[in-house]
Amino acid sequence: MWRMPRIKILLLLLFIFSCVCSSIRAAVSYDDKAIIINGRRRILMSGSIHYPRSTPEMWPGLIKKAKDGGLDVIQTYVFWNGHEPSPGKYNFEGRYDLVKFIKLIQEAGLYVNLRIGPYVCAEWNFGGFPVWLKYVPGMSFRTDNEPFKVAMERFTAKIVNMMKSEELFEPQGGPIILSQIENEYGPVEWDIGAPGKAYTKWAAQMANGLKTGVPWIMCKQEDAPDPMIDTCNGFYCEKFTPNKPYKPKMFTELWTGWFTEFGGPVPTRPVEDIAYAVARFIQNNGSFVNYYMYHGGTNFGRTAGGLFITTSYDYDAPIDEYGLLNEPKWGHLRDLHTAIKLIEPALVSAYPTVTYPGKNQEIHVFQAKSGGCAAFLSNFDPQVSAKITFGNSQYDLPPWSISILQDCKDEVFNTATVKAPSTQKKMTTVASFDWQSYDEEAPSSDDSDTFSMSGLYEQLNVTRDASDYLWYLTEIDISPNEEFLKNGQFPELTVMSAGHALHVFINNQLAGTVWGSLKNTKITFSQNVKLRAGVNKISMLSVSVGLANVGTHFENYNIGILGPITLKGLDDGTRDLTKQQWSYKVGLKGERLSLHTLDGSSSVEWLQGSFVAQKQPLTWYKTTFNAPKGDAPLALDMNGMGKGQIWVNGEGVGRYWPANKAHGNCDKCSYAGIYNENKCNQYCGEPSQRWYHVPRSWLRPTGNFLVIFEEWGGNPDWITLVQRTT
Ligand SMILES: *[C@@H]1O[C@H](CO)[C@@H](O)[C@H](O)[C@H]1NC(C)=O
Ligand SMILES: *[C@@H]1O[C@H](CO)[C@@H](O)[C@H](O)[C@H]1NC(C)=O
């Protein structure tokens, strides 16, 4: 009789066993209680970190801080316009190296929630859509439209296939446990009706057909078709219920703060209230919470969107824009996550029994059949603290707080009792600069690189967003007999623009500037202008400040001077300039010469020393500097400057606009009571954004090349390099 050697039997057993194991392992599913990974229901704590909002060199540190903060999952959008800058030409390099980002998360032992979208909103330029998509014939965005669906499916499949070929979905042994299709589409569908419904159905089917092996979510989508999970976004979501009794209750965006707009104050959200929102969600059957943002980061270059959004996307997140811990926010949430981990076995095995011991008080008890028990004691009163008797003990609860009890006995956490230490953040000057300047002159309509036509072009149609800038140029002839030349009552020029900012030059002199805001992007320039007898040059620089990120019909989205344009107060009344001959020039001369690069900058003569331009609009500045020692994060203090853009070693730091001061209400902030984004604002009366993050990894030890383009006129001598410490 042939006998199998013992070792072979062992190996065979091991093989069979590992097959069984991996078939259990190879599954992410869900039921009404939770997402189920490897056969286990999980209470998952997640945080948003958007890879292009930091640098690959920052990623490992951010992911480690997320893990140390007690997160299980990192959530990110996928940024279509970063990945496909022109049709079929893909970019997965540098800050857009999605696979690298996901693999780093995997190495850290965390999961990924991949929100493909590919519409992402996200205060990102054009909501993540490539601008070229607007010019595909027949295009209608986010609705039952063939060209749109073809493009969306192509990109979604591209990303899914890339993840599959890198074996990044959980059933393949990868970290991705969830994917998202579309984004907050429910309200849009409600608006547009039947074609919206058809599109939702199509999107769900299309996504499912891609067979990722992990569940798909659709956030803010009440009618998400099975098996898609509809999920909640907001400051609070405890009242949300998924659309089917067999789907888990998930909070895909718990807003940890809010974005900042140029002209607005800087929002913050107290961590006591964030912890309260988490506890309140979980005690009501919630099993997945994602912090939006956990690290907000920076809208580098021209990636900020949603109109007037600042370059900083700090979001008052637990990890600040610079990658430093935002304490006590990070630490208090870590303590919350530790508490939730302690009671996870009870949470996933029982429904809560709710009792009401007093006004504004609730007790939620999760009594598992296996014996585990967890309790949440709530005091919803925003002013008064409470004593709640439970079991054999009495518990003191501050106003607007929830206590978590392990074994239904030991208080392991109270949402309003912050034990984590606070830290002070400091910006310390480490260098100043020696500038050279170059004038960007207003062009003329007869310049060689302009083109003309009768009437006004829409800006995006002309620039295709290759630049923020479009020149509108024309000339007007003034008769020497005009009355105003004698009495000095100059005529009034009125220019209507769809946004976002406008500089008007008359005969090369800046006559005035107007700009809009997030709430009111349309602008009107209306001013008496100094004209002379003969030919007068009118040169208007129309400037975009990030493209819209919200809405549906992106195909109809317009910016720039759409008219009418009138000149009032001439002898024969009002002259309509709207339909006359206009010339156009895309971008700045300095952009065409690539003045932001060392090579490009050598093509022009720069002024030095006492000749360096001060308070002069349309000026380029350049300098070089050495990297300060150490590894503290760095920023440019742009106080004293007006509005423009910054580059370091050819990389776009972003749009700056410290001259746009924060209007709004910065009343004293209490954590208690319902939060909204207008509640705990800071920096009223000061620049909405003063400091601009320069990633360390962009710098060499010496000879770093810094370039600034200033639109309004400012004092460059005030600019300093600062170092951020806590
Ligand atoms: C939790 O879910 C169960 C099952 O769907 C439901 O009966 C119960 O009312 C829910 N409890 C809370 C507090 O939401
Ligand atoms: C867009 O530009 C093209 C020419 O490049 C022109 O024919 C068309 O009318 C423009 N559309 C708008 C809305 O300005």
Q: Among the residues of segment 279-296, write down those that are hydrophobic (A, V, I, L, M, F, W, C) and assigned to a strand (DSSP E or B).
A: 288, 289, 293
Q: Give segment 235-262 a look and list any residue that's away from ligand 1 (no atom under 16 Å from the Cβ) and either over 21 Å from residue 352 (Cβ atoms) or open to solvent by 20 Å² or more (accessible area, probe 1.4 Å) (or both), or say none.
A: 235, 252, 253, 255, 256, 257, 258, 259, 260, 261, 262
Q. Of (1) away from ligand 1 (no atom under 16 Å from the Cβ); (2) out of contact with any Phe, Trp or Tyr (no Cβ under 7 Å at 6 or more places or on another chain), residue 382 satisfies all except one. Which?
A. (2)
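Restricting attention to segment 438-453, and to residues there that are among the small types (Gly, Ala, Ser) and surrounded by 16 or more Cβ atoms within 10 Å (Cβ to Cβ), which single residue is nearest to ligand 2 (Cβ to nearest atom)?
445
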Q: Could you tell me whether segment 334-347 includes any residue that is at pLDDT 95 or above, hydroxyl-bearing (Ser, Thr, Tyr) and touching a Leu at 6+ places or on another chain (Cβ under 6 Å)?
A: no
Q: May I ask you to list the residues in segment 518-574 that are closer than 18 Å to residue 486 by Cα and outside any strand (DSSP E or B)?
A: 529, 530, 531, 532, 533, 571, 572
Q) Name the pairs whose Cβ atoms lie under 7 Å apart, with the first residue in segment 685-701 and basic (Lys, Arg), the second part of a loop (DSSP other than H, G, I, E, B), and 6 or more positions between them or separate chains? A) 690/638; 690/639; 690/658; 696/631; 696/633; 700/627
Q.
I'd like to know if segment 473-487 contains one or more residues that are among the basic types (Lys, Arg), within 16 Å of ligand 2 (Cβ to nearest atom) and open to solvent by 30 Å² or more (accessible area, probe 1.4 Å).
A. no
Q) Does segment 247-278 hold any residues that are part of a strand (DSSP E or B) and farther than 30 Å from residue 659 by Cβ, and which are they? A) 249, 250, 251, 252, 253, 254
Q. Quick check: anything in segment 163-177 farther than 25 Å from residue 296 by Cα, open to solvent by 40 Å² or more (accessible area, probe 1.4 Å) and of a type in the set (Ser, Thr, Tyr)?
A. yes
Q: Taking the residues in segment 180-206 that are small (Gly, Ala, Ser) and under 28 Å from residue 281 (Cα atoms) as candidates, determine which candidate is surrounded by the fewest Cβ atoms within 10 Å (Cβ to Cβ).
A: 186
Q. Quick check: anything in segment 552-568 more than 16 Å from ligand 2 (Cβ to nearest atom) and at pLDDT below 95?
A. yes
(Q) Can you say whether residue 456 is under 18 Å from residue 645 (Cβ atoms) and within 16 Å of ligand 2 (Cβ to nearest atom), as far as the supplied structure shows? (A) no
Q: Return only the number of the condition from (1) buried (at least 19 other Cβ atoms within 10 Å of the Cβ); (2) assigned to a loop (DSSP other than H, G, I, E, B) that residue 405 does not satisfy.
A: (2)
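For every residue, the table says whether it meets (1) assigned by the TED database to the domain that holds residue 568; (2) in contact with a Leu (Cβ under 8 Å, 6 or more places away or on another chain); (3) within 16 Å of ligand 2 (Cβ to nearest atom); (4) within 28 Å of residue 87 (Cα to Cα).
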position	(1), (2), (3), (4)
464	yes, no, yes, yes
468	yes, no, no, yes
515	yes, yes, no, no
520	yes, no, no, no
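With over 30 Å from the mean Cα position of the chain (by Cα) and more than 16 Å from ligand 2 (Cβ to nearest atom) as the only criterion, which of 400, 435 stands out? Give the derivation first.
On the way: 400 fails: over 30 Å from the mean Cα position of the chain (by Cα).
Matching residue, one of 400, 435: 435.
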Q: Please specify each residue of segment 563-586 satisfying the condition of being hydrophobic (A, V, I, L, M, F, W, C) and surrounded by fewer than 18 Cβ atoms within 10 Å (Cβ to Cβ).
A: 570
Q: Evaluate segment 483-503: report whether one residue or more is under 22 Å from residue 464 (Cα atoms) and among the aromatic types (Phe, Trp, Tyr).
A: no
Q. How many of the residues in segment 494-513 are within 27 Å of residue 664 (Cβ to Cβ) and either surrounded by 22 or more Cβ atoms within 10 Å (Cβ to Cβ) or not assigned by the TED database to the domain that holds residue 557 (or both)?
A. 6
Q) Condition test on residue 490, is it of a type outside the set (D, E, K, R), assigned by the TED database to the domain that holds residue 580 and not in a strand (DSSP E or B)? A) yes
Q. Hey, among 619, 624, which residue is among the β-branched types (Val, Ile, Thr), surrounded by fewer than 16 Cβ atoms within 10 Å (Cβ to Cβ) and not assigned by the TED database to the domain that holds residue 270?
A. 624
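Can you confirm whether residue 76 is touching a residue at least 12 places away in the same chain (Cβ under 8 Å) and within 18 Å of the chain's Cα centre (by Cα)?
Yes: the conditions hold for residue 76.
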Q: Output the residues belonging to segment 566-622 that are under 13 Å from residue 439 (Cα atoms) and among the charged types (D, E, K, R).
A: 589, 591, 605, 615, 622
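The values are calculated or read from the model by the stated rules, or taken from the named source; none is laboratory data. This is a predicted model, so every value here is computed, not measured. Cβ sites come from the backbone with ideal geometry, for glycine too, and all protein chains shown count toward neighbours. Just so you know, the surface numbers come from the protein's heavy atoms only, side chains and all, with ligands and any DNA or RNA stripped out. Shrake-Rupley method; radii C 1.70, N 1.55, O 1.52, S 1.80 Å.
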